[in-house]
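Q: Right, I'll just put the structure down here and ask away after.
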Amino acid sequence: MDESGGSGQPRSGTDRPAKPHAGPTAQTTDPTIPDPHENGSPAAAPSADDATDSARQPAADDKAAEEPSTSDSTSTPAPAEVPASGSETGTGDGEQSPAPDADADADERADLPRPEAPRETHATDEHRTLAHSGAPKNPPPQSPQPRGGLLMGRPFGVPVYVAPSWFLVAALITWVFGGQLDRVLPELGAARYLVSLFFAVAFYASVLVHELAHTVAALRFKLPVRRIQLQFFGGVSEIEKEAETPGREFVLAFVGPLLSLILAGLFYLAMQPVEPGTVPGVLLAGLMASNLIVAAFNLLPGLPLDGGRMLRAIVWKITGRPMSGTIAAAWVGRALAVCVLIGLPLLTQSGALGSSAEDNVGMDTVMDALLAAILAAIIWTGAGNSLRMARLREHLPDLRARTLTRRAVPVETDTPLSEALRRANDAGARALVVVDAEGTPLSLVREAAIVGVPEHRRPWVAVSGLAQDITDGMRVSAELAGEDLLDTLRATPATEYLVVEETGEIYGVLSAADVERAFVKAMARPS
């Protein structure tokens with residue numbers, strides 16, 4: 001993206017010229033990522049494409065397209081959630097990404113005259129949450145936090161959570177396995193359910209080992225792991241970044257099924273000295289079989305399963321494009337979901353899975369169909385999520401702090417709000433930075449707070465009363481882009497950030513709502 005220099009002079013809290021905070025400069029906004037500001041926003045109605053008197057702020061040529069801004073909606077998606085753009089490696093679930101909030105009505109927008117400058121604008125229905133209230137409607141960008149889970153420990157520094165759905169599955173396993181024990185060991189009586197509960201816990205301990213294999217491999221490749229979660233039908237390791245090479249991607253996916261196969265082998269060896277018709281013999285046989293099933297199921301070549309990630313790595317290696325591997329593995333995953341939905345009940349009815357066809361009637365048929373439907377839904381949804389996350393990773397570099405930054409006008413603490421907004425209009429700026437007498441930035445005036453001040457009161461309200469103090473985390477480098485930018489915003493949730501050059505000079509103000517807009521636009525763009 002080309003950027004051209006320019007000039008601008010900041011203003012202090014009075015009409016007299018003030019010394020600039022940094023060498024005056026102007027930037028040309030990349031037209032492929034519209035600068036998202038127009039239609040009379042409260043902080044500074046003019047777009048960031050006008051000439052500016054701001055301190056070290058970006059300027060763009062008048063032909064740059066614009067995208068509307070949302071100040072009231074301040075959450076930045078993540079991805080998965082927002083945008084952690086890594087992967088979830090596990091036994092069933094895939095990546096997830098949040099959906100944007102709907103916009104509100106433009107008629108409640110704060111009125112402020114637009115600058116008389118020729119421009120092309122695309123500000124229509126998207127620019128509609130500026131003037132609803134004086135407080136943000138949505139939370140600022142945050143890292144996805146584990147919710148609804150029981151923390152079990154932190155092996156290798158990674159938290160392990162048990163989701164509430166696990167208890168439902170554990171109860172189901174206890175009931176089903178207890179029925180099998182009643183046929184094999186009828187002398188146990190009601191105690192068979194205690195044995196079955198032990199089996200359920202031991203089985204999920206094996207699943208945890210499977211996930212820890214992914215975690216250790218990820219940490220070995222210096223990929224951060226947010227958490228491990230044991231949940232309905234297995235577990236998932238939430239890895240925050242994508243593997244850098246197809247070889248590492250393959251290893252990262254393969255180690256899970258490999259550990260499950262090793263566990264199956266260990267349980268088989270442990271069975272040898274044990275008498276088959278005893279409780280230990282039945283438990284060891286069940287754990288061996290269950291780990292073989294986990295390994296075989298995860299080796300199926302479709303996302304979001306481990307086999308799908310291995311297929312993705314192979315196609316990535318052949319084509320040189322990770323997106324091609326994701327598309328291939330995701331569509332194979334969808335085909336696999338259809339096969340599970342149709343094939344699993346047919347196999348059960350045919351007796352191919354070990355029981356006679358005469359036994360597979362009634363309630364068993366319904367349970368088999370339900371199980372197939374759940375597994376198919378998990379695979380199909382995970383494949384779709386994998387495609388969406390791949391598209392996100394492909395377009396993340398388009399999110400650039402320098403391109404999305406608004407111009408800002410410096411004002412002193414006692415400047416009336418009406419006067420500050422007038423200067424913003426005159427300067428073609430869309431943000432206000434409160435500075436001291438020496439021009440050092442102290443705080444950022446919040447758009448949502450401006451909206452809550454009636455127009456007739458603005459001459460009597462000082463900007464300092466509407467500002468948020470600038471903390472270290474609210475100072476953002478103008479060079480940040482993509483995932484690094486999103487990580488920085490998630491680390492310090494706020495509605496506005498002060499953007500600075502590497503030299504420390506002020507470049508402008510970055511609104512979290514603008515980043516969200518650009519994020520949604522990038523997600524909607526075809527790959």
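The values are calculated or read from the model by the stated rules, or taken from the named source; none is laboratory data. The structure presented is a predicted model; accordingly, all values stated were derived computationally and were not measured. Positions of Cβ are generated from backbone atoms using ideal geometry, with glycine treated the same way; all protein chains shown enter the neighbour counts. For accessibility, only protein heavy atoms count, side chains too; no ligands or nucleic acids. Shrake-Rupley method; radii C 1.70, N 1.55, O 1.52, S 1.80 Å.
Q: Given (1) open to solvent by less than 40 Å² (accessible area, probe 1.4 Å); (2) outside any loop (DSSP other than H, G, I, E, B); (3) at pLDDT 90 or above, where does residue 223 come up short, assuming only one miss?
A: (2)
Q: State yes or no: is residue 481 of a type outside the set (Ser, Thr, Tyr), under 22 Å from the mean Cα position of the chain (by Cα) and over 15 Å from residue 405 (Cβ atoms)? Walk me through how you get there before you give the answer.
A: Working: of a type outside the set (Ser, Thr, Tyr): yes; under 22 Å from the mean Cα position of the chain (by Cα): yes; over 15 Å from residue 405 (Cβ atoms): no.
Considered against the rule, which asks whether it is of a type outside the set (Ser, Thr, Tyr), under 22 Å from the mean Cα position of the chain (by Cα) and over 15 Å from residue 405 (Cβ atoms), residue 481 comes out as no.
Q: For a quick check of your reading of the model, give me the residue pairs whose first member lies in region 208-223 and is under 13 Å from residue 251 (Cα atoms), whose second is β-branched (Val, Ile, Thr) and assigned to a helix (DSSP H, G or I), with beta-carbon atoms closer than 7 Å and at least 6 apart or on different chains.
A: 213/255; 214/255; 217/251; 217/255
Q: Test of understanding: among 503, 440, 492, 415, which residue is modelled with pLDDT under 90 and buried (at least 16 other Cβ atoms within 10 Å of the Cβ)?
A: Working: 503 fails: buried (at least 16 other Cβ atoms within 10 Å of the Cβ); 440 fails: buried (at least 16 other Cβ atoms within 10 Å of the Cβ); 415 fails: modelled with pLDDT under 90.
The conditions single out 492.
Q: How many of the residues making up region 451-463 are part of a helix (DSSP H, G or I), at pLDDT 90 or above and under 20 Å from residue 509 (Cβ atoms)?
A: Result for region 451-463: 2.
Q: Related question: Quick one: is residue 504 at positive phi, more than 27 Å from the chain's Cα centre (by Cα) and small (Gly, Ala, Ser)? Walk me through it before giving the result.
A: Values: at positive phi: yes; more than 27 Å from the chain's Cα centre (by Cα): yes; small (Gly, Ala, Ser): yes.
It is true that residue 504 is at positive phi, more than 27 Å from the chain's Cα centre (by Cα) and small (Gly, Ala, Ser).
Q: So residue 130 ticks every box in (1) out of contact with any Lys or Arg (no Cβ under 6 Å at 6 or more places or on another chain); (2) modelled with pLDDT under 50 but one. Which box is left unticked?
A: (1)
Q: What number of residues in region 469-487 are assigned to a helix (DSSP H, G or I) and either open to solvent by 40 Å² or more (accessible area, probe 1.4 Å) or in contact (Cβ under 8 Å) with a residue 24 or more places away in the chain (or both)? If you could, list the steps in order and put the result at the bottom.
A: If we filter region 469-487 for residues that are assigned to a helix (DSSP H, G or I), which is where we start, we get 472-474, 482-487.
Now narrow it down to the ones that are either open to solvent by 40 Å² or more (accessible area, probe 1.4 Å) or in contact (Cβ under 8 Å) with a residue 24 or more places away in the chain (or both): 472, 474, 482-487.
Counting residues in region 469-487 that are assigned to a helix (DSSP H, G or I) and either open to solvent by 40 Å² or more (accessible area, probe 1.4 Å) or in contact (Cβ under 8 Å) with a residue 24 or more places away in the chain (or both) gives 8.
Q: Something else now. Just to be sure, is residue 302 part of a helix (DSSP H, G or I) and on the phi < 0 side of the Ramachandran plot? If you could, list the steps in order and put the result at the bottom.
A: On the way: part of a helix (DSSP H, G or I): no; on the phi < 0 side of the Ramachandran plot: yes.
No, not satisfied.
Q: Let me ask something additional. Among the candidates 407, 457, which residue alone is of a type in the set (Lys, Arg) and surrounded by 24 or more Cβ atoms within 10 Å (Cβ to Cβ)? Can you show your working first?
A: Numbers: 457 fails: surrounded by 24 or more Cβ atoms within 10 Å (Cβ to Cβ).
Result: 407 is the single residue among 407, 457 that is of a type in the set (Lys, Arg) and surrounded by 24 or more Cβ atoms within 10 Å (Cβ to Cβ).
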